[in-house]
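Below is one structure; the comments refer to it alone.
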Amino acid sequence: MRALFFGIRMNVVNVNIPPWFPNQPYLSLPLLTGILRKEGFSVYQKDINLSFYDNLLSEEEIQYQVNTLTKSKIDEIDPKQKLLLDLKNFFVENVEKIKWETRQKESFNAKDYANNLFQDLDLILKLYTISFPEIELSLGEIKYHFDYLNPDIISSFLESESNIFKYYFSKYELHDILNQHPDIVAIGVTTPEQLIPALSLASLLKANADGLEILLGGDYISRVFNTIIQHDILGELVDFVIVGNAEKAIVNFCSAKENYGDLHTVKSLVWKNEKGFICNPIESSFTYSCLKFPDFDGLHLSDYFFPEVYLPIEISKGCYWGKCSFCEIKGKPYFQKRASQIMEEMIQQNKKYGASYFAFVSSSPSPKLLLELSERIYDLGLKWSAFLRPESYIDENFAKILYNGGCRILYIGFESGSQRVLDAMHKGIDITKVESLLKNFKNAGIKIHGYFMFGFTGETEEDRKNTIDFINRNKGLFYSVSYSGYVEPYGSFKGEVNGLRIYKPSRKEFTYKKLLQNTCDEDNNRLYYINLNLEITYEN
Amino acid sequence: MKKSNREEGKLDSKSKVVKTLLKQAKVKWGINEVAKKGAFFISNQESLLDAGTLLRD
């Protein structure tokens, strides 16, 4: 690490790590990079999630994996893995072509063709289970065959030879990051599955660069940082954590570091001194007015597994409704950008990066914001997707304006077909009015993906049947649906002690069988749909 | 990032044997099943669906 002197700007390396689906950059990476660069910091950003999948799905790496399989490994393989070895020549010869096809627009024209390409890539990734049997890779997902959230188990896995991340980062990323001579490496940990990759990278960097400091941020680490920093080994790998929204905190943090300022003053920062870790107060204020646009410079936008430049945009934070009892953002403040700001951002990203496709990644923007935006951008030829609450005031004209403004798919949480359950959830929707909403969107040309939830507290067999009936009754109006099992946020609420909310971890998990069939409806071009063969088992 | 030097065309027609093996392997590995996640994460299938929908219009 360089010695920092007054007047010398800090070098920050900002990375996103697997697993995430590699069809567009994860927003926090260019967002925080843009904010820091605007303040004059030198930032090297890399979407390691993309390079992870791109490199592991390369002809060279697949050939290497096949060539280096030892006899003892081959002797240990199971019948599933044997099938992969039978296909090894096909994999080696075709992996680059399959990837190339995911970047061609015509691959998405043919029904199911793109789906097959992604399935082929998912299958090729299973080859890594032979050399790294404790994990199973898919595009955008990683399954760990051990308790991957247990700090002691994580700690022993980090140095294990079966840690694929240690193998991958050593071979492909370490040299590149160290070449930037970073003072700080910032790693986003948004999902639980990203914790091990993040700590693996931190461990490797710490072992190879004296004095280099690690900053973690993101939704998941914001919830569990206390467990990690208090662990004897894992706590040594982390120098700083930003808890919650990082937009203001990361600038304040970098400024304080650069100027040898007092870290006590950096809100939302967790840091350590000679006495241990210190948790500063959380930054509660936020405004979109002073934010800058995400900066995608340096990211390889043409290498994503998607034919067009397809960029994420945050249009709001939190939920304007904010009452659903199952939701983790319940009760948190809601912020939204102005429609003019969003339009300006879309125009800039279109001009600068050639993006015509956008994903509004905010979980619950106001429909009225989307309406105003649509009225402003109707002549720009940009297309987008968004999440939406199914408000009863959304009529036929509303849906048409959204379509004309470029909306092509909406993700809507309906949750249940039972009014009794919806009321218990404080969902605030009238199920009898939802069908006309679906018709309005269908008629306008907007496709609807519906989210449903089973197993909510107090839900009966009749409630579940009502949900299935609701979906089947409206099959022609949905483009697709998916479901999840209800898990109480953070477990059961047990009360407050000294202002701290105490939860008992939830042990109840749900297993659903035969709920979904991977089939395609000719009329609606669906990838899958829900059917009536519902079996639910409860596992304690 | 490494670029393919084989970016010249559609996938070769898969032989019958390869097609059968691919199908068997996908079934065995559960790749044809639709895996779902929690409410705030878009899963693989949904991302694909999203992207494909935007392009097909």
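Taken together, the values in this text are just the output of simple stated rules run on the coordinates, not laboratory data. Predicted model, so just to flag it, every value in this text is computed and none were measured. Cβ coordinates were reconstructed from backbone atoms using ideal geometry, including for glycine residues, and neighbour counts include every protein chain displayed.
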Rg and Dmax of chain A, Cα atoms, in Å? 24.0, 68
Treating only the Cβ of Lys, Arg, Asp and Glu as charged (+1, +1, -1, -1), what charge dipole size does the range A:87-209 show about its Cα centre? Round to the nearest 20 debye. 280 debye
Provide Rg over Rh for the range A:125-236; use the alpha carbon set for both Rg and the Kirkwood Rh (inverse mean inverse pair distance). 0.94
Of A:VAL15, A:PHE286, A:ASN89, which is farthest on the positive side of the dipole of chain A, counting Cα position, with +1 on Lys and Arg Cβ, -1 on Asp and Glu Cβ, and the Cα centre as origin? A:PHE286
Amide H proximity to A:TYR483 below 5 Å, modelled H, separation 5+ or other chain, gives A:PHE452
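Taking a 32 Å limit on the Cα-Cα distance, which of the listed pairs A:LYS46/A:LYS257; A:LYS171/A:LYS275; A:LYS99/A:LYS248; A:LYS272/A:LYS427; A:LYS257/A:LYS332 fall beyond it? Before the final figure, lay out the partial values.
On the way: A:LYS46/A:LYS257 22 Å; A:LYS171/A:LYS275 36 Å; A:LYS99/A:LYS248 38 Å; A:LYS272/A:LYS427 42 Å; A:LYS257/A:LYS332 30 Å.
Check vs 32 Å cut-off fails for A:LYS171/A:LYS275; A:LYS99/A:LYS248; A:LYS272/A:LYS427.
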Sorted from largest down, what three extents in whole angstroms do the Cα atoms of the range A:391-467 have along their principal axes? 42, 19, 18
Counted charge near A:GLU391, where neighbours are those whose Cβ lies closer than 11 Å (Asp, Glu -1; Lys, Arg +1): +1
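Taking the Cβ of each residue in A:ARG9, A:ARG389 as the centre, tally the other Cβ atoms inside 10 Å and list the residues starting with the fewest. All intermediate terms of the calculation are to be shown ahead of the outcome.
Numbers: A:ARG9 14, A:ARG389 20.
Ascending Cβ contact count within 10 Å gives the list A:ARG9, A:ARG389.
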Rounded to the nearest 0.05, what FRET efficiency is calculated for A:ASP297 and A:SER340 with R0 set to 25 Å and r the Cβ-Cβ distance? 0.55
What's the extension gain from A:ASN67 to A:ASN443 if we count 0.36 nm per residue and subtract their Cα-Cα distance? 129.9 nm
Enter the mean number of other protein chain beta carbons within 10 Å of the beta carbon of each residue in B:18-28, as an integer. 5
Qualifying trypsin sites (Lys or Arg not before Pro) in the range A:261-335, DSSP loop, other Cβ atoms within 10 Å at most 13: A:LYS275, A:LYS323
Please find the FRET efficiency linking A:ASN404 to A:LYS38, where r is the Cβ-Cβ separation and R0 is fixed at 22 Å, and quote it to the nearest 0.05. 0.05
With unit charges on the beta carbon (Lys/Arg positive, Asp/Glu negative), name the residue among A:PHE360, A:ILE401, A:PHE387 whose Cα is farthest towards the positive pole of the charge dipole of the range A:338-403. A:PHE360
Helical mean residue ellipticity (222 nm; -39500 (n - 2.57) per DSSP H run of 4+; nearest 500) of chain A: -11000 deg cm²/dmol
Through the Karplus equation 6.51 cos²θ - 1.76 cosθ + 1.60, θ set to phi - 60°, convert the phi angles of the range A:474-482 into ³J(HN,Hα) values in whole Hz; use x for Gly and Pro. 10, 3, x, 9, 8, 7, 6, 9, 9
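Which whole-number percent of Cα pairs in the range A:440-485 have a distance greater than 16 Å? List each step's numbers first, then the result.
Values: 446 of 1035 pairs.
Here the tail beyond 16 Å accounts for 43 percent of pairs.
Determine the shielding of peptide A:116-125 by partner chains: average, over its residues, the number of Cβ atoms on other chains within 10 angstrom of each Cβ. Could the numbers behind the result be given before it?
On the way: counts 3, 2, 6, 7, 6, 1, 5, 6, 1, 2.
Per residue, the average neighbour count from other chains is 4.
What's the local net charge at A:LYS433, with K and R +1, D and E -1, over the other residues with C-beta under 13 Å away?
Values: positive: A:ARG389, A:LYS427, A:LYS439; negative: A:GLU391, A:ASP395, A:ASP430, A:GLU435.
Once positives and negatives cancel, what remains is -1.
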Taking a quarter of the surface of the convex hull around the Cα atoms of the range A:54-149, what do you get in nm²? 7.1 nm²
